[in-house]
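Peer 1: This is the structure I have questions about; it appears just below.
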Amino acid sequence: MIELKDITKTYRKNGSLEVKVLEGINLEIKKGDFVAIMAPSGMGKSTLMNIIGCLDRPTGGEYFLDGAEVDKMNDDELSRTRNKKIGFVFQSFNLLPKTTALENVELPLIYSPVDVDLKAKAKAALEAVGLGDRIDHMPSELSGGQQQRVAIARALVNDPAIILADEPTGNLDTASSNEVMGIFTKLNRDGRTIILVTHEAEVAEKAERIIRMMDGRIVSDERRAK
Ligand SMILES: Nc1ncnc2c1ncn2[C@@H]1O[C@H](COP(=O)(O)OP(=O)(O)O)[C@@H](O)[C@H]1O
Ligand SMILES: [Mg+2]
């Protein structure tokens, strides 16, 4: 499903100073995998997620997603691929504050055909994360774990094959973190590919495959028994 071949990323600051963040990432992720990518802060986790998520392009190397070569795509193709295949979850939830859970989840559906029942789809996504009884709540009326579950519902509503989560438990206490990881585990059992990045070992251990990165490269890749 996802294949990265010798992916590099170099940022240029003010046109001169180069920061090499990814120095040759080789990685294959199969449909239905549940992967945690672990590295300390500043090691390029978000950079790699943005490349996998078609939000940014690598400096070098090849990226294949379901056989299509992402590194050769123009901006339109990149955003179409992203909208069709990928749902994002971020550390800071990124919910609209004065908008109900239901309306937050409906947002990504704005480009749907007119005959699609937005409300029904958004409600189904909220039910899938166990929040069917909270659809009319504002984010401020929900716990951190519940807010992140709304964000997961929003990522799910277009039915993407892949969920990418960038430090999804970084702002949560242990109980909420476990609750969110439980949702990812369930979505993965339902066939969804889950890729998350974290610097917390306890979080990574909930995944089935743990990839460790250091100094721009993958240093280990291990599978846990199911
Ligand atoms: N847009 C950018 N321009 C320049 N440098 C960047 C940019 N984004 C990230 N970096 C640098 O790349 C390195 C890795 O960043 P990041 O991928 O955010 O790491 P992580 O998510 O693991 O904390 C950091 O040194 C960061 O300062
Ligand atoms: Mg980051």
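The values are calculated or read from the model by the stated rules, or taken from the named source; none is laboratory data. As the structure is a prediction and not an experimental result, all values here were calculated from the model. With ideal geometry, Cβ positions are generated from the backbone for all residues, glycine too; neighbour counts draw on all protein chains shown. Side chains are part of the model used for accessible areas, which takes the heavy atoms of the whole protein and leaves out ligands, DNA and RNA. Shrake-Rupley method; radii C 1.70, N 1.55, O 1.52, S 1.80 Å.
Peer 1: Output the number of the condition that residue 117 fails; it satisfies all remaining conditions of (1) within 16 Å of ligand 1 (Cβ to nearest atom); (2) modelled with pLDDT under 95.
Peer 2: (1)
Peer 1: Are any of the residues in the stretch 170-193 within 13 Å of the chain's Cα centre (by Cα) and within 16 Å of ligand 1 (Cβ to nearest atom)?
Peer 2: no
Peer 1: Tally up the residues in the stretch 65-85 that are surrounded by 18 or more Cβ atoms within 10 Å (Cβ to Cβ) and not in a helix (DSSP H, G or I), please.
Peer 2: The number of residues fulfilling the criteria is 2.
Peer 1: Residue by residue through the stretch 34-64, note down the ones that are open to solvent by less than 10 Å² (accessible area, probe 1.4 Å) and of a type in the set (Ser, Thr, Tyr).
Peer 2: Matches in the stretch 34-64: 63 only.
Peer 1: A further question follows. Can you find even one residue in the stretch 93-105 that is closer than 24 Å to residue 188 by Cβ, open to solvent by 30 Å² or more (accessible area, probe 1.4 Å) and not in a loop (DSSP other than H, G, I, E, B)?
Peer 2: No, every residue in the stretch 93-105 fails to be closer than 24 Å to residue 188 by Cβ, open to solvent by 30 Å² or more (accessible area, probe 1.4 Å) and not in a loop (DSSP other than H, G, I, E, B).
So that you can scan it fast, the table gives a plain yes or no per residue for (1) open to solvent by 40 Å² or more (accessible area, probe 1.4 Å); (2) at pLDDT 95 or above:
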| site | (1), (2) |
| --- | --- |
| 124 | yes, yes |
| 135 | no, yes |
| 142 | no, yes |
| 150 | no, yes |
| 158 | yes, no |
| 165 | no, yes |
| 192 | yes, yes |
| 197 | no, yes |
| 203 | no, no |
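Peer 1: For residue 194, indicate whether it is free of Cβ contacts under 8 Å to residues at least 12 places away in the same chain and under 23 Å from residue 55 (Cα atoms).
Peer 2: So residue 194 fails the test.
Peer 1: Could you tell me whether the stretch 2-18 includes any residue that is within 16 Å of ligand 2 (Cβ to nearest atom), in contact with a Phe, Trp or Tyr (Cβ under 9 Å, 6 or more places away or on another chain) and closer than 29 Å to residue 171 by Cα?
Peer 2: no
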